[in-house]
Amino acid sequence: MNAEHARTLEEKRFIIHPESMSGMKRLRSTFGELQQSYPFLSGLSFFGSRTKGTEDDFSDYDVCLFYNSDRMDERGGNRKEWLAITRNLQNELDSPIDHRIHDFFGGLRVDISKESTDSDLATFMDVTRPLLTHYADEHTVLDFMANQPTHNIMYRFFLTIGTEVYSNRSYIFDQLK
């Protein structure tokens, strides 16, 4: 990062580099096409260095896929389909996608069906309620929340493509009131 870029970052929270923005736009277009073939897909979220303007020549794209298990049929979401989805996304980029997206047994995928969201919210509240009661230091709380099991809620609030994810955010806010 050059001095001018560092100075600009001090003045603004995030500046997305044109190359990263171009990659994210290509993923947005590809994701829209993928939703036609895989109707259970709900959204795509970006996070990490490319969304903060701190990437370097070796940075990958950190992404999380959202899906709605209520729209999966008996074959929906099998290993072959997830590999095809991630391969299609990867083909649009000059840099790699975070290797965790390829992990079939976990990966960066979040079910945003109502049942799953309610379960994730209950877990989130069970984990964070004691922290908010006992710790006044927001950094302690945020550091703790950066670890599982709070990720499934937090990923929904990153830079996101997908109107269903925005609706899911509203539902979460309503439940937290």
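Results for (1) open to solvent by 40 Å² or more (accessible area, probe 1.4 Å); (2) within 18 Å of Glu164 (Cβ to Cβ); (3) in a loop (DSSP other than H, G, I, E, B); (4) not β-branched (Val, Ile, Thr), shown as yes or no for each residue.
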position: Gly23; (1), (2), (3), (4): no, no, no, yes
position: Ser59; (1), (2), (3), (4): no, no, yes, yes
position: Phe66; (1), (2), (3), (4): no, yes, no, yes
position: Arg87; (1), (2), (3), (4): yes, no, no, yes
position: Asp94; (1), (2), (3), (4): yes, no, yes, yes
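Quick one: which of Gly162, Gly107 is modelled with pLDDT under 75, closer than 24 Å to Met21 by Cα and of a type in the set (Gly, Ala, Ser)?
Gly107
Assuming Gly43 fulfils every condition listed in (1) out of contact with any strand residue (DSSP E or B) (no Cβ under 9 Å at 6 or more places or on another chain); (2) not in a loop (DSSP other than H, G, I, E, B) apart from one, which condition is it?
Status for Gly43: all satisfied but (1).
Scan the stretch 1-45 for residues that are at pLDDT below 90 and aromatic (Phe, Trp, Tyr) and jot them down.
Phe14
Among the numbered conditions (1) open to solvent by 50 Å² or more (accessible area, probe 1.4 Å); (2) modelled with pLDDT under 85; (3) within 30 Å of Asp56 (Cα to Cα), tell me where Asp137 comes up short.
Going through (1) open to solvent by 50 Å² or more (accessible area, probe 1.4 Å); (2) modelled with pLDDT under 85; (3) within 30 Å of Asp56 (Cα to Cα) one by one, Asp137 breaks only (3).
The values are calculated or read from the model by the stated rules, or taken from the named source; none is laboratory data. Quick caveat: nothing in here was measured; it's all calculated off a predicted structure. Heads up, the Cβs are rebuilt from the backbone with ideal geometry, glycines too, and the neighbour counts pull from every protein chain shown. Protein only, heavy atoms only, side chains kept; ligands, DNA and RNA dropped before computing areas. Shrake-Rupley method; radii C 1.70, N 1.55, O 1.52, S 1.80 Å.
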